[in-house]
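Report on the structure given below.
The values are calculated or read from the model by the stated rules, or taken from the named source; none is laboratory data. Predicted model, so just to flag it, every value in this text is computed and none were measured. Because the Cβ atoms are built from the backbone with ideal geometry, glycine has one as well, and the counts that use them run over all protein chains shown. We work out accessible area using only protein heavy atoms, side chains counted, and drop any ligands, DNA or RNA first. Shrake-Rupley method; radii C 1.70, N 1.55, O 1.52, S 1.80 Å.
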Amino acid sequence: MGNLIAEISERALSRRRFVAGSAVLAASLAASSSLVACQADGQGQQGASTPAADEGEWISAACWHNCGGRCVNRVLMKDGVVVRQGSDTSHEDSFEWLQQRGCPRGRSQQQQCFGADRLKYPMKRASWQPGGGENAHGELRCKDEWERITWDEAIGYIADEVKRIYDAYGPRSVVGNGGPGIEQVLAKLGGYIQVTDTSSCGTYSFNVSKLGLPGADLGETNDRFDLKNAETIALMGGNPVWSSGGTTMNNFDQAIAAGVQFVYVGPSYNATAAYFDARWIPIYPGTDTAFLLGVAYEMIQQDVVDRDFLNTYCVGFDGDHMPSDAKLDENFQGYLMGDYDGVPKTAAWASAICGATEEDIAWFAGTIGKDRKVMLLHNYALARCASADNVPQLFMTVGAMGGHMGKSGHACGGAYKTFAGTHGPTLAAFGETGLPVVENPITECISAPLLWQSMLDGSFNSTGMAYSDEFNAQDIKQADIRYLSLEGAARIQNTPSAVKAVEAIRSLEFVTCSSHFFNAQAKYADIVLPITTEWERVGGFPGHQRSRETVIVYTQVTEPLFEAKTDQEIGTMLAERLGMDPTDIWPINEKQQFFNQILGCTFVDEAGENKTLVTVTQEDIDAWGCDGEPQEGVVGLAEFLKNGCYTIKRAEGDSYVRIGYQDFIEDPQANPRPSDSGKFEIYCQYKSDMLNSMGYSPDGTFKPYPNYVPAPEGREGTFADGVVGGEPSAYPFVVYNPHYLRRAHPVLDNAPWLREAWPNPVFVNASDAAAKGVADGDTVRVFNAHGATLRTASVTEIIMPGCVGLPHGAWLDYDEEAGVDRAGTDNVLCGSVTSGMGTSGYNNYNCDFERYEGEALPADCTLPQRIVSLD
Ligand SMILES: Nc1nc2c(c(=O)[nH]1)N[C@H]1C(S)=C(S)[C@@H](COP(=O)(O)OP(=O)(O)OC[C@H]3O[C@@H](n4cnc5c(=O)[nH]c(N)nc54)[C@H](O)[C@@H]3O)O[C@H]1N2
Ligand SMILES: Nc1nc2c(c(=O)[nH]1)N[C@H]1C(S)=C(S)[C@@H](COP(=O)(O)OP(=O)(O)OC[C@H]3O[C@@H](n4cnc5c(=O)[nH]c(N)nc54)[C@H](O)[C@@H]3O)O[C@H]1N2
Ligand code: SF4
Ligand SMILES: [Mo]
């Protein structure tokens, strides 16, 4: 195996070519001064003798990460070794027929599968012994030695501990995350307490159908062919150039060529704003509600409100159009005018909070008014903020005030990673695996930002699962957590309050972690299990669609490396050891699951009919050794698998174009929205009743219409007395977490090429840096009441003063003595703080920063790769 890795290293892509070939990288380099790659000695692999593209066989390979791209990834195999990587070549690229290309992370995937940092065999933490109590030596987590153990021993330890803990304390002493192997067995065994996380869509993971919106406000913007018909496209938050990967930005190319005006609203003039050549309206993170309230007030002043639209399709804008279930004699227009609190929500009022100038607010209001063709798009960074619970309703309200729904050239809604810039019914999809759904009988869940604190407190508030549409009032439960399973979620990196995580995890009796590498959470576990990457599995489909027009598929690249196993193999062994029948969970093998998904692939033809996609012959079925019937589709099995995708060819004016909300706008009676009134609810009784009852914000905080709610920290927290305009507080900056190019959350953070290409600085504004005597490249300590972390400063003009951008997902490297993390872990600065629906409000915590007087941080890429060594 060692030889295999050495051979791959020798033949690897040259770093120079890798850097030069990346358009995404070029965009990011242009966007910030300090993004220039560092010069690592020895870690970036130089290979003068890369084989030519036709020397060997190209096969499709997985890129399955949670970065939304889920792009086509292909590898050139020569003598059983991956010698090059590429992407979609199934057809020539054009706007009509987009290639589903990958990003530089995907093209570095060989450094994940064949990385020197792969976990090779099961391991046990030396001081941990079964039996609970003192035996666990929990205080030594992340300080201990590791021992290699056999799979038989590993499964034996887990089975015995699971049995002991379930017998003694019951399933409510276990926390899991819905993982694909061990946690399926735990669900069958009685279940476990879950973690609910508003993660990606933030406050849009509330039951927004009650407002009249689609789930998470995704799906009702227009098809990409309509973007050019807008006069103005305004994007609030988000950065698809960095976070959508692949070629999603090409969706906007017709609009850019047509001269559509772009506007970007957010705290940084990021790579997406630059790609659009957008007019930038800087606002502080977490202040979008204030900004949009000022815009709404200004729209009334400028008389650009589409009253007909509001009167026909909405309830609650004014007192004459209230929903029948309204309990409060107040409405949105009255709130804007200050009728209930004496404060008109003028541009001046909004400007003081959000930081946009009054002129920008007035300009924006006029620009998005009723007589213009406008697409209002939002990403979700603005909703991943504490107290951003009114954003979904207010964004919808402002869109409705301009009448921007249901017509060509107009839109209002989410434009999220894979779907950035295009929506409509799915046109190509993969089938079901045929596996039964294993329900977790325990429905109680802990809100992610309070997870570690709840473990320490022994109690939690269970208010329902984000994204489920089922929420409930405050419901305090006792918790006596003994066992934490880490499978398929990276809790230590991704969940707020990383410093408390260390304390909470050390209080437990048992922690298991399935992982590819020795990442931060593996370091805190007792038993670590090496899992296969998707390159070592039978093949499959990325869990989410990339866009409505393509279905992406991948095949096996190599046999499992070292002793790695799939989650299902691990789950099967555990179930057997516990005396359960694993076929209750996995009645069909992994190859048959994949084959079933292929057989079930469909596409929509121009007549709107759902058709079989893949032709499968009896010979195919025999060769696979799977069950199935021959079927006739439009692409042969071998071709489909080799290409790694099937993409619908589009054409101007084709029947696939879809305009969001068109059915509702044309006939609101026949096609009501899912809210109680069937209309867009600018007054929604359910919203305020539910949010006020959940116990995370004081009762009465939320009105049935969108009202401004200060965050626990946020913009107000930058002032000493919590009132905007006063003396600065101890933490006078708002810190937000851009999703970063080096990695997908924490995944790929150990890949040498990626560490070399993206240094992971902290972004600070030039005037703020100057005031603190910080120069570009200086090591800074970024800190707040929740923790401290070290990074190199990237001093830039493209982030607004008063804001700090700390990239998301670094692997915690906590120096307990010094009380500082050395990796730039974002969740060190996120505390056990929440509000509203129990939101993970990553983007509006407070912090301060200073020049670090200790030893300067070396560039990450010059540090040794993080590898566990048992030698
Ligand atoms: N501070 C802060 N925190 C954040 C964010 C932020 O902006 N700021 N963003 C949040 C967002 S939007 C999200 S979506 C979450 C994501 O948080 P998570 O849901 O934790 O997602 P991933 O990081 O993708 O974690 C997946 C983990 O599973 C592992 N894994 C991958 N494939 C397999 C497999 O086949 N089997 C097993 N057993 N494991 C596998 C990966 O190595 C990784 O450790 O993070 C959130 N956390
Ligand atoms: N490379 C890479 N790509 C990823 C991921 C990854 O980890 N790495 N993660 C994926 C996942 S799961 C997700 S959820 C997406 C996230 O995708 P996005 O939502 O696009 O990601 P962010 O990086 O959080 O968005 C950051 C931008 O939003 C702006 N912003 C931040 N806070 C606010 C705010 O309060 N208001 C406004 N108006 N703007 C704000 C800032 O200008 C910042 O540049 O990315 C996905 N893609
Ligand atoms: S965007 Fe994500 S899925 Fe696509 S190639 Fe990059 S890492 Fe892979
Ligand atoms: Mo996400």
Can you tell me which residue within region 811-850, out of those that are assigned to a loop (DSSP other than H, G, I, E, B) and within 16 Å of ligand 4 (Cβ to nearest atom), is farthest from the chain's Cα centre (by Cα)? CYS830
Counted residues in region 690-729 being open to solvent by 30 Å² or more (accessible area, probe 1.4 Å) and small (Gly, Ala, Ser) come to 7
Which condition number in (1) surrounded by 23 or more Cβ atoms within 10 Å (Cβ to Cβ); (2) within 26 Å of TYR467 (Cα to Cα) is the one that ALA271 fails? (2)
Among all residue pairs at least 6 apart or on different chains, which show Cβ distances below 9 Å where the first residue, located in region 159-185, is over 30 Å from GLN593 (Cα atoms) and aromatic (Phe, Trp, Tyr) and the second is open to solvent by 10 Å² or more (accessible area, probe 1.4 Å) and within 16 Å of ligand 2 (Cβ to nearest atom)? none
Answer from ARG384, ARG372 - the residue that is open to solvent by 10 Å² or more (accessible area, probe 1.4 Å), modelled with pLDDT of 95 or more and within 11 Å of ligand 2 (Cβ to nearest atom): ARG384
Condition (residue is closer than 30 Å to MET236 by Cβ and touching a strand residue (DSSP E or B) at 6+ places or on another chain (Cβ under 8 Å)) applied to region 432-445: is it met by at least one residue? yes
Are any residues in region 446-489 under 30 Å from VAL553 (Cα atoms), part of a loop (DSSP other than H, G, I, E, B) and not aromatic (Phe, Trp, Tyr), and if so, which ones? ALA466, SER468, GLU487, GLY488, ALA489
Can you pull out every residue in region 642-698 that is touching an Asp or Glu at 6+ places or on another chain (Cβ under 8 Å) and in a strand (DSSP E or B)? CYS645, THR647
Residue among THR779, THR862 that is of a type in the set (Ser, Thr, Tyr) and open to solvent by 20 Å² or more (accessible area, probe 1.4 Å): THR862
Only one of (1) among the small types (Gly, Ala, Ser); (2) farther than 30 Å from ASN250 by Cβ; (3) within 16 Å of ligand 4 (Cβ to nearest atom) is not met by GLY69, so which one is it? (2)
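So, GLY809, is that one within 16 Å of ligand 2 (Cβ to nearest atom), over 29 Å from PRO728 (Cβ atoms) and open to solvent by less than 10 Å² (accessible area, probe 1.4 Å) or not?
So GLY809 fits the description; yes.
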If we scan region 338-357, do we find a residue that is within 16 Å of ligand 4 (Cβ to nearest atom), outside any helix (DSSP H, G or I) and of a type outside the set (D, E, K, R)? no
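Give the residue, chosen from TRP758, TRP753, that is within 10 Å of ligand 2 (Cβ to nearest atom) and more than 27 Å from SER832 (Cβ to Cβ).
Being within 10 Å of ligand 2 (Cβ to nearest atom) and more than 27 Å from SER832 (Cβ to Cβ) holds for just one of TRP758, TRP753, which is TRP758.
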Of the residues that sit in region 181-232 and are of a type in the set (D, E, K, R), open to solvent by less than 10 Å² (accessible area, probe 1.4 Å) and not in a loop (DSSP other than H, G, I, E, B), which one is farthest from ligand 1 (Cβ to nearest atom)? ASP226
With respect to TYR661, determine if the residue is open to solvent by 10 Å² or more (accessible area, probe 1.4 Å) and under 30 Å from the mean Cα position of the chain (by Cα). no
Which residue pairs have Cβ atoms closer than 7 Å, lie 6 or more positions apart in sequence or on different chains, and pair a first residue in region 199-218 that is modelled with pLDDT under 95 and among the hydrophobic types (A, V, I, L, M, F, W, C) with a second residue that is in a helix (DSSP H, G or I) and within 16 Å of ligand 1 (Cβ to nearest atom)? LEU218/PHE419
Region 742-773, residues that are more than 27 Å from the chain's Cα centre (by Cα) and open to solvent by 10 Å² or more (accessible area, probe 1.4 Å): ALA766, SER767, ASP768, ALA770, ALA771, LYS772, GLY773
Quick check on region 576-591: of everything there that is in contact (Cβ under 8 Å) with a residue 60 or more places away in the chain and open to solvent by 80 Å² or more (accessible area, probe 1.4 Å), which residue is nearest to GLY434 (Cα to Cα)? ASP584
Answer residue from region 72-87, given it is open to solvent by less than 20 Å² (accessible area, probe 1.4 Å) and out of contact with any strand residue (DSSP E or B) (no Cβ under 6 Å at 6 or more places or on another chain) and is nearest to ligand 4 (Cβ to nearest atom) among those: SER87
Hey, CYS103 hits all of (1) more than 16 Å from ligand 3 (Cβ to nearest atom); (2) in contact (Cβ under 8 Å) with a residue 40 or more places away in the chain but one; which does it fall short on? (1)
Check whether at least one residue in region 793-806 is touching a Pro at 6+ places or on another chain (Cβ under 9 Å), open to solvent by less than 30 Å² (accessible area, probe 1.4 Å) and part of a helix (DSSP H, G or I), and report yes or no. no
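Condition check ((1) surrounded by fewer than 21 Cβ atoms within 10 Å (Cβ to Cβ); (2) over 30 Å from THR834 (Cα atoms)) across all residues:
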{"position": "LEU599", "(1), (2)": "no, yes"}
{"position": "THR617", "(1), (2)": "yes, yes"}
{"position": "ASP620", "(1), (2)": "yes, yes"}
{"position": "GLY633", "(1), (2)": "yes, yes"}
{"position": "GLY644", "(1), (2)": "no, yes"}
{"position": "ASP667", "(1), (2)": "yes, yes"}
{"position": "LYS687", "(1), (2)": "no, no"}
Give the number of residues within region 91-112 that are open to solvent by less than 40 Å² (accessible area, probe 1.4 Å), in contact with a strand residue (DSSP E or B) (Cβ under 9 Å, 6 or more places away or on another chain) and either more than 16 Å from ligand 4 (Cβ to nearest atom) or at pLDDT 95 or above (or both). 10
With respect to PHE332, is the statement that it is over 15 Å from PHE309 (Cα atoms), crowded, with 24+ Cβ neighbours inside 10 Å, within 26 Å of the chain's Cα centre (by Cα) and in contact (Cβ under 8 Å) with a residue 12 or more places away in the chain true? no
Could you pull out the residue among THR433, THR443 that is closer than 30 Å to GLU606 by Cα, polar (S, T, N, Q) and either part of a loop (DSSP other than H, G, I, E, B) or in the same structural domain as GLN254 (by TED's automatic domain parsing) (or both)? THR433
